[in-house]
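Asker: Sending over a structure as structure tokens; questions will come in a sec.
The values are calculated or read from the model by the stated rules, or taken from the named source; none is laboratory data. Predicted model, so just to flag it, every value in this text is computed and none were measured. As a convention, Cβ positions derive from the backbone with ideal geometry for all residues, glycine included, and neighbour counts pool all protein chains shown.
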């Protein structure tokens, strides 16, 4: 038969302590830990205009939402006049390449664990292709009507007095 015996063991003082304490206290955190905690918000891409066409990508850039990142990639492609090929696009990763033959331009983004924030992990900005100016069907498919409408919609929200002549100038 088993019997339960209660033991009364007093905790011994830890080296450097003068007395035992049941009180929980926070230690000041070292600078490395503070930097790690602030990491998510240090390198976030903040722009006044969500569709900033001239913004270059940098490794380590963070985007709050997947759609924000995809819109930035699309606007970059439209401004620089090249077509994209989505190699991989799901809720955790986005990998986009230039559609041309053997071009080294690519961007690879991954979602940070436990959040909706995406981080640019690989970016090669070098184009090893000859750009051919095309008109008609094959001319820069990244500029879809839905994408153009979303730009106009965003600008109308920011400035209700946005005029048709300004829309034409922007496009």
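Asker: Counting residues that are in contact with a strand residue (DSSP E or B) (Cβ under 6 Å, 6 or more places away or on another chain) and buried (at least 17 other Cβ atoms within 10 Å of the Cβ), which strands (runs of 3 or more DSSP E) fully inside the range 69-135 reach at least 3?
Answerer: Answer list for the range 69-135: 93-98, 106-111, 118-124.
Asker: Still on this structure: Has the range 138-154 got any residue that is surrounded by fewer than 11 Cβ atoms within 10 Å (Cβ to Cβ), within 28 Å of residue 101 (Cβ to Cβ), out of contact with any strand residue (DSSP E or B) (no Cβ under 8 Å at 6 or more places or on another chain) and at pLDDT below 70?
Answerer: Scanning the range 138-154, I find at least one residue that is surrounded by fewer than 11 Cβ atoms within 10 Å (Cβ to Cβ), within 28 Å of residue 101 (Cβ to Cβ), out of contact with any strand residue (DSSP E or B) (no Cβ under 8 Å at 6 or more places or on another chain) and at pLDDT below 70, so the answer is yes.
Asker: Right, next: Answer with yes or no whether residue 57 is assigned to a loop (DSSP other than H, G, I, E, B), surrounded by 15 or more Cβ atoms within 10 Å (Cβ to Cβ), within 16 Å of the chain's Cα centre (by Cα) and modelled with pLDDT of 50 or more.
Answerer: The answer is yes for residue 57.
Asker: Same structure again: Search the range 96-117 for residues that are closer than 16 Å to residue 60 by Cβ and pair each with any residue that is assigned to a loop (DSSP other than H, G, I, E, B) and at pLDDT below 90 when their beta-carbon atoms are under 8 Å apart and the residues are at least 6 apart or on different chains.
Answerer: Going by the 8 Å Cβ cut-off, the qualifying pairs are 107/57; 110/92; 111/91; 111/92; 111/117; 117/64.
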